[in-house]
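Structure record follows, encoded as structure tokens.
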Amino acid sequence: MKLAVLSGKGGTGKTFTAVNLATVAEKAVYIDCDVEEPNGRLFFKPVDKTESVVATPLPTFDAKKCTGCRKCVDFCRFNALVFIKDKPKVFAEVCHSCGGCSLVCPAEAVMETEKPVGVVECGRSGNVRVVTGCMNLGEASGIPIIEAALSHAATDEGLVVIDCPPGSACSVMESVKYADYCILVAEPTAFGLHNFKMVHELVTLMEKPCGVIINKTDGEYGAMEEFCAHHEIPVLCRVPYSEKLARLGSSGQIASLSDEETAKLFRGLLTSVSKEVCA
Ligand code: SF4
Ligand code: SF4
């Protein structure tokens, strides 16, 4: 079973949920696709780590073959090419490695080199294999790193938990693509509801079944529950606002390892989600 854990905005409790879900499973693979700020590993503190570089193609130009027709520059939708002294020049930082310039070149003057864009780190923490995608600073897109990280999602290792990037951009779509079920983590505030609506719309468009976890709830803001009831979104569990959980989180501890109440809550969540997926 592959579960994607999403939230409309950062700081909602997405990584808290993903890390605890993987921890209470008998066996799990945790994949951090929040490649700009991967922090699940701060909780897991994985050992026996290995690292592989993720690289994408970057165009280079053969000055002898290039006729200066500009077709490649006109084609590039990312404005990654400019024309200087009758020859194309690429800005590596904004090139999305789409390969289009090579396809449109009539003179076969475009070649490709490999550009490192990030790494995928693999390690182990107890019953969890921890896979972390990390994007290099200043890169335009995290998609290649997310793809590389998700290639480690072997379901024969039990539960796969995908910690998605926050928001509802294309990197989130890529992270969710192969998930069987989406867990939407939301906080019961006006800002939380606003962003939750966007991420709910995204998974609905992608036709992914989903349920919600209301995190840090204190019962004071009812609009989140009303929205879920109105749209028939199952509320899988409610995590109460707790100073104890906040303290454990801020010190980089996995709550369900030291707090039986939290472990029970996440075991219950895993059971509810398994029933939803099998239904
Ligand atoms: S590979 Fe795509 S994004 Fe990069 S320069 Fe060529 S057309 Fe532009
Ligand atoms: S399309 Fe090919 S020939 Fe034309 S400017 Fe670009 S590299 Fe040169």
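Structural remarks
- Whole-number percent relative contact order across the range 63-108, with pairs defined as alpha carbons under 8 Å at least 6 apart: 43 percent
- For K49 and D180, the FRET efficiency from 1/(1 + (r/R0)^6), where r spans their Cβ atoms and R0 equals 22 Å, is about 0.20.
- Each listed q (0.07, 0.14, 0.15 Å⁻¹) maps to a log10 I(q)/I(0) for the chain, found by the Debye formula over equal Cα scatterers with no solvent: -0.31, -0.95, -1.04.
- GNM top mover of T56, T204, T132 - the chain, alpha-carbon springs below 10 Å: T204
- Near the amide H of F61, within less than 5 Å, lie the amide hydrogens of M111, all on another chain or at least 5 residues away, with H placed in the peptide plane.
- With each label modelled as a point 7 angstrom along the Cα→C-beta vector, the A223-Q253 pair spans 3.6 nm.
- When the Gaussian network model of the chain links Cα atoms closer than 10 Å, the mean-square fluctuations of V104, V130, V239 top out at V104.
- Each peptide among 109-117, 138-146 gets the average number of other Cβ atoms lying within 10 Å of its residues, and from highest to lowest they stand as 138-146, 109-117.
- R0 of 35 Å, Cβ-Cβ distance D62-C170: FRET efficiency to nearest 0.05: 0.65
- Overall Cα dimensions of the range 63-108 - principal axes, largest extent first, Å: 25, 21, 15
- FRET efficiency for the H96 to L205 pair, using the beta carbon distance and R₀ = 25 Å, is estimated at 0.65.
- With the highest mean first, a sort of the peptides 61-72, 248-259 on other beta-carbon atoms found within 10 angstrom per residue produces 248-259, 61-72.
- HN-Hα J in Hz across the range 246-258 - Karplus 6.51, -1.76, 1.60, θ = phi - 60°, x for Gly and Pro: 4, 5, 4, x, 5, 9, x, 9, 7, 4, 6, 7, 10
- Under the criterion of Cα pairs below 8 Å and six or more residues apart, the relative contact order for the chain equals 28 percent.
- Mean separation of Cα contacts under 8 Å (6+ apart) over length of the range 194-278, as relative contact order %: 23 percent
- Under the simplified labelling scheme, the L103-D156 pair shows an inter-label distance of 3.6 nm, with each label point 7 Å from Cα along Cα→Cβ.
- Within the listed set H230, H200, H152, the Gaussian network model of the chain (springs between alpha-carbon atoms below 10 Å) gives the highest mean-square fluctuation for H230.
- Taking every DSSP bridge with both residues inside the chain, close to 45 percent are antiparallel.
Any read-out appearing in this document is the output of simple, stated calculations on the displayed coordinates, not a laboratory observation. Since the structure is predicted, the reported quantities are computational estimates derived from the model, not experimental observations. Methodologically, a virtual Cβ is constructed for each residue, glycine included, from the backbone with ideal geometry; neighbour enumeration extends over all protein chains shown.
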